[in-house]
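The values are calculated or read from the model by the stated rules, or taken from the named source; none is laboratory data. From a predicted model like this one, the values you see are computed outputs, not experimental measurements. No Cβ is skipped: glycine too gets one built from the backbone with ideal geometry, and neighbour counts run over all protein chains shown.
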Amino acid sequence: MIASLRALPVVFSIGLQRQLAYRWNYLLRALFSAVPLLVSWVFWEAVFQGKETVGNYTLASLLTYYAVLLIVEAVSSPADDDFQISREIREGMLNPILLRPLPYGLYRVALFLSGRCAYLAAALIPVAACFFLLSRVVHLELGSLDPIRGMTALLGSALLQFSLTLCLSLTSFWFLDISALIFLVYSLEFLAGGHVFPLDLLPAPIFAVARLLPFAYEYWFPATALCGTISHKTWLIGLGMQFGWAIIFLFLAHFLWKAGLRKYTAAGG
């Protein structure tokens, strides 16, 4: 265990160097992530014609929500970790990892953190520029932001997304190509995670069902926690759901890993 902990900074450093080699890709990805924000602005301006509020939202609070989503995505969304893990399994690249005294889960955690740091470094300028330009045109409700609750929810979102990604990727022990499964889950995350619209605009019965699923706690919950639009009780329940789902996925990943290793065969490496 001590040897494993000592190896983590080295893995993080190597992963960070490797990820920074793609800094221009990260920069372009961050720039194009502002496109949905502009589309949402045009769409909701049309919806708000002649209206002061839609649900519990004003136009300013709704655009603040979409702007905060950029921060949530930059902090917690995995960057191709699923395809990296799948490639390591399919191409027999696990061999050198299995021979070292470092649990694979901790190895992937270090690489996930390095990827998030690299993306944040590249995305900081375009995301800040989006906030600045939007705030010049629309009065964003930045004064109501709750950084303490928001950062806690962001950490929970990162843990939840990492654990879900790990589960999906480990199915590569049984399936040759998991891209269809990954894109299916991404579609569910986009629809049921609050990317298209805040989930609390849904009818109450559908919203209640959405709050039982893990996807709501990947984007909608940390975004609303950071915006400061949810109560303390809702925040506590959300944290419990985040970490509860994350623990479930981590246990599932553990069993998938153990079962997968019994099927895994590779020559060389």
- Message: Would you confirm whether or not the stretch 134-154 contains a residue that is closer than 26 Å to His232 by Cβ, modelled with pLDDT of 85 or more, part of a helix (DSSP H, G or I) and among the hydroxyl-bearing types (Ser, Thr, Tyr)?
- Response: yes
- Query: Is it the case that Ile148 is without any contact (Cβ under 8 Å) to a residue 12 or more places away in the chain and under 22 Å from the mean Cα position of the chain (by Cα)?
  - Reply: yes
- Message: Restricting to the stretch 184-242, name every residue that is under 17 Å from Leu62 (Cα atoms) and among the hydroxyl-bearing types (Ser, Thr, Tyr).
- Response: Tyr219, Thr224, Thr229
- Residue in the stretch 204-218 that is buried (at least 17 other Cβ atoms within 10 Å of the Cβ), out of contact with any Phe, Trp or Tyr (no Cβ under 6 Å at 6 or more places or on another chain) and of a type in the set (D, E, K, R) present: yes
- If you go through the stretch 53-89, how many residues are farther than 14 Å from Pro222 by Cβ, in a helix (DSSP H, G or I) and hydrophobic (A, V, I, L, M, F, W, C)? 7
